[in-house]
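Here the structure is laid out as structure tokens; the discussion comes afterwards.
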Amino acid sequence: MPLRLLPTTLVDRIAAGEVVERPAAALKEIVENALDAGATRIEIIIDGGGRRLLRVTDDGCGMSADELALAVERHATSKLDSEDLLSIATLGFRGEALPSIGSVARLAITSRPRGIDSAHEIRVEGGVKSPVRPAALGTGTRVEVRDLFFATPARLKFLKSERAETAAAVDAVKRLALARPEVGFTLVADERAPLTWAARGEDAAGRRARIADVLGQEVGANALDIDGRREGARLTGLAGLPTYSKANSLSQYLFVNGRPVRDKVLIGAIRAAYADLLPSDRHPVTALFLDLDPREVDVNVHPAKTEVRFRDPGLIRALIVRTLTDALTAGVPRTASTAAGRLAQFARADIPSSFRPAPYPGNHDWTRSWAAPGGAEASGTAAEPDHGGHETPGLREAPARFDFGGLGLAPAADARAAATPAAPDVMERPLGAARAQLHETYIIAQTRDGVVVVDQHAAHERIVYERLKAAMERDGLARQLLLVPLVVELDPSDAARLGERGAALEKLGLVLEPFGPGAVLVREVPALLGEADIATLVRELAEHAAEWDDALPLERRLLHIAATLACHGSVRAGRRLRVEEMNALLREMEETPNAAQCNHGRPTFVTLALADIERLFARR
């Protein structure tokens, strides 16, 4: 077959396959054009998942009749004032989006520049352009895309359901709305209720307000402010608490110089920062904005501009890891503020019939029942007035008397902290004063304005883990020599794997050696473990040895081992604690980094504000 030039229409359709792979991609390109045009208000309509209709109306600078004709030509752009592709300051610059969309859909663009009293329109259907003609429109531009991919019906087979395509399109708009809080957005998508996000300020407060508008108030309530700098790069935004995580990474919103991206360097850095705080199958919620010199990042490496390439990826990774780590470890421990909502759902559950009170006797006169001054209950007749100065009960409600034993509802508290009130200074501490222990597992603490429930094992596990990490960084772990070496029987394969990792275990204070087939001899253990069950610990380490990825840096492998050591060296559930021990644990939690979650990512405590408790009992 001889060489030949492809027809222009076919070239445009091939380009469309790179730039417009689905309705969400087309919508993203059009909204980016509106933002680059200086729009302060953008209205978006989506129908049929974007296949039937995409309409974007903005109040930007608009285009003249001559500019409209150029807008649908390939490689025509107003966003590059020079040939320098290393200093891109706009969202779009390729000049391919509109002609690509017009080659596979029915495209209509109507625009009116500021200061001009007339508007014009141009249409492109399947790559065929119509002449520019007069039209009616206020200042700005309206782009309407109908019957997307009608000219390439084979592409329709690769689209997902209308609901899935709508969700993708809405997500694309959300990301752009997060990037530009100073622009107001209105979004109408299929059968969904319209979304309106008012324009906000461009400062940190405006950005936080826009994040709450788009992602929900719950995100703002369970996220930390982020602000870090390094060598001209700055990272700002919000990072979710580890206890407020998701099952996938779709709630990670990342922006580079105002451009929404999905970059492997950024995602990997976020995972590294949360590595000690989340299990491997959970992902943090983030909205992070990275600003740096445009010459330090290449945005021209992907047709859809969703990926970037950094000149110094190590610098960016270090900035993200350090900034997130500092924010997550600073201040007093915090957990996600969603516990009250879950408890409220439980409180609305049906009350068991066995707990419903018996019917009142029909002829009982409740106005004549009260508690006698001495505490004895009256029995149907009014008491004589007490002339000795005691208050007459009158119509006062009789105090309830419950037989917990008869109902099988005996309180489950294992220990009362103290009969006397806690010292005021302790009540002002973030985790308050210990008041009771429930089921020999949970510590109940009282603060000035609420209640804290602490999982004693999870909390102490984090404390021991952070001690292990600090000792590793400082001068190594102190070891405790066993008076009598301990022989632990194992499966031969497990014993062999454990022996191969003896050097790593020794760095953490656990010294063992092979002891015949299927056994190891433990000679020394980390002093921090106290009275831990060493045999059980060794068996668990042997089971997990196969999961320690040798491709990971040594530090990460050591931390995996340290997490297992911490689990066995902490206070176990089922152990009764004295008041002094409970309060000591609370104070140490307040001083320990990452104390809001254990090594497995579970919360170590739950806080209930007094207002939350009052809502549970319908007091407010």
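For the reader, a short list of remarks on this structure follows.
- Global size of segment 156-302: 16.0, 48 Å for Rg and Dmax (C-alpha atoms, Rg to one decimal, Dmax whole).
- Extension gain, Glu231 to Glu202: 0.36 nm times the residue separation minus the Cα-Cα distance gives 8.1 nm.
- Pairwise label distance in nanometres, Ser64 with Glu307, each label 7 Å out on the Cα-Cβ vector: 4.1
- For the pair Leu482 and Ala519, a Förster radius of 22 Å applied to the C-beta separation gives a FRET efficiency near 0.90, rounded to the nearest 0.05.
- Considering only Ala172, Val188, Ala154, and ranking their Cα positions along the charge dipole of segment 154-202 that arises from unit charges at the beta-carbon of Lys, Arg, Asp and Glu, the one farthest toward the positive end is Ala154.
- Spatial separation of Cα centroids for segment 480-546 and segment 219-279, in angstrom: 38
- For the peptides 129-135, 265-271, residues were scored by their other Cβ atoms within 10 Å and the scores averaged per peptide; the highest-first order is 265-271, 129-135.
- Given R0 = 41 Å, the distance between the Cβ atoms of Ala535 and Lys246 translates into a calculated FRET efficiency of 0.60.
- Ranked by the mean number of other Cβ atoms within 10 Å of their residues, highest first, the peptides 590-598, 62-70, 96-104, 325-333 fall in the order 96-104, 590-598, 62-70, 325-333.
- Computed FRET value (nearest 0.05) for Ala503 with Glu21, which takes r as the C-beta separation and R₀ as 41 Å: 0.25
- Label separation (Ala164 vs Ala221): 3.4 nm, computed from points 7 Å beyond Cα along the C-beta direction.
A short reminder: the numbers here are calculations on the coordinates, not readings from a lab. From a predicted model like this one, the values you see are computed outputs, not experimental measurements. A quick note on method: Cβ atoms are made from the backbone with ideal geometry, for glycine too, and the neighbour counts reach across all protein chains shown.
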